[in-house]
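Data first, discussion second: the structure below is written as structure tokens.
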Amino acid sequence: MPANPTAPATDGGTETLGTIVHVPEGDSTYGKRAFRNVENLLADETLTSDVTVVCNGGGVDHLLRSAPTATSVRTLVERGVDVCACRNSLDSGGYDADELVDGVRVVPTAMGELTKQQASGSAYVRP
Amino acid sequence: MPANPTAPATDGGTETLGTIVHVPEGDSTYGKRAFRNVENLLADETLTSDVTVVCNGGGVDHLLRSAPTATSVRTLVERGVDVCACRNSLDSGGYDADELVDGVRVVPTAMGELTKQQASGSAYVRP
Amino acid sequence: MPANPTAPATDGGTETLGTIVHVPEGDSTYGKRAFRNVENLLADETLTSDVTVVCNGGGVDHLLRSAPTATSVRTLVERGVDVCACRNSLDSGGYDADELVDGVRVVPTAMGELTKQQASGSAYVRP
């Protein structure tokens, strides 16, 4: 078997690719790692990527204005990342949408958003 | 960078999308969370999705008739979800296929099933 | 809802599919499981798959010549698997590329590689 003949060239060219990053865990170390991964992707000069972050389960904790990750989330939103919280998970956690960092978008379900965006061609990454 | 111009409309339209959910961990809290995620996806009125669940590693434990998640699995099967167990993982765990909840399908390898279904257009989610 | 009408036939035919396996955790049990999953995929006679493994975060630890998984990595490389380490993660861990098992490829970012390969049609799996 040859070494991966389907691999794209290292140069991503000028096309903009989509990436959807799934953050389903509430551990704060995990949250920091996930957001740092997104920052690394935005800084990667070998491709241009439009990035969506979808948090569900305990992962919605990272999106609260009171969270240690709030500054990272604010920076991602300002850089054009579409940061999303699952409504079901907010309800389960007893959170209101107005406790979220400004600019965070609420989606009906994380699973639905992840499905729709991949159906539209985005890559999926689960840190 | 504009905010995710490739994002699909919130309305998933009438097209049926495919979602494959990968459950590789045996922790029972994790299993319950994964199956609840699937139930949330089925209840999401913004899309229609055909769902496959693929369990491997410790994840096959959730599919046993003796598991605390057996009732959830039975409900998913009845709702048309294609619930799969990895044969390699059953062998490693010392389980027979007849210990599984009725209707669970045994696949040669989880990795192969996950690859084939994505090649056919299904989205991948790893709770 | 019918049971997954979009599922491909069990026979993967003669087409070669691509699979990209993401290994972001440094726990050695996790690393062994991930590499065993890859071996299972290569042994699955129902499909032919070109496999890429991308390690980042603590996951790059598994690729060091001094790691307990070094022999597994060497075997995968010899079998044609494209095994990749994230440069950012090597830098964060204080590792030099020459500490890696021979044949491991260094990529600018794991996130970018995962995005590019999925954009080229590879399936994603996160053990």
message = Anything in region C:29-44 that is open to solvent by less than 50 Å² (accessible area, probe 1.4 Å) and either more than 11 Å from chain B (Cβ to nearest Cβ) or of a type in the set (S, T, N, Q) (or both)? List them, or say none.
response = C:Gly31, C:Phe35, C:Asn37, C:Asn40
query = If you check B:Gly121 against the conditions, is it surrounded by fewer than 19 Cβ atoms within 10 Å (Cβ to Cβ), over 14 Å from the mean Cα position of the chain (by Cα) and facing chain C (nearest Cβ under 9 Å)?
reply = yes
query = Looking at region A:90-112, which of its residues are more than 9 Å from chain B (Cβ to nearest Cβ), under 14 Å from the mean Cα position of the chain (by Cα) and either open to solvent by less than 10 Å² (accessible area, probe 1.4 Å) or closer than 19 Å to B:Ala43 by Cβ (or both)?
reply = A:Val106
key: Which listed residue, of B:Val54, B:Val60, B:Val77, is touching a His at 6+ places or on another chain (Cβ under 8 Å) and either open to solvent by 10 Å² or more (accessible area, probe 1.4 Å) or more than 14 Å from chain A (Cβ to nearest Cβ) (or both)   = B:Val54
inquiry  = Where the second residue is of a type in the set (Gly, Ala, Ser) and open to solvent by 40 Å² or more (accessible area, probe 1.4 Å) and the first is touching a residue at least 60 places away in the same chain (Cβ under 8 Å) and lies in region B:102-122, which pairs have Cβ atoms under 8 Å and are six or more apart or on separate chains?
reply    = B:Gly121/A:Ala119
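The values are calculated or read from the model by the stated rules, or taken from the named source; none is laboratory data. Bear in mind that the values here come from a model prediction, so they are computed numbers and not experimental data. Cβ sites come from the backbone with ideal geometry, for glycine too, and all protein chains shown count toward neighbours. Accessible surface is based on the protein model in full, side chains and every heavy atom, while ligands, DNA and RNA are left aside. Shrake-Rupley method; radii C 1.70, N 1.55, O 1.52, S 1.80 Å.
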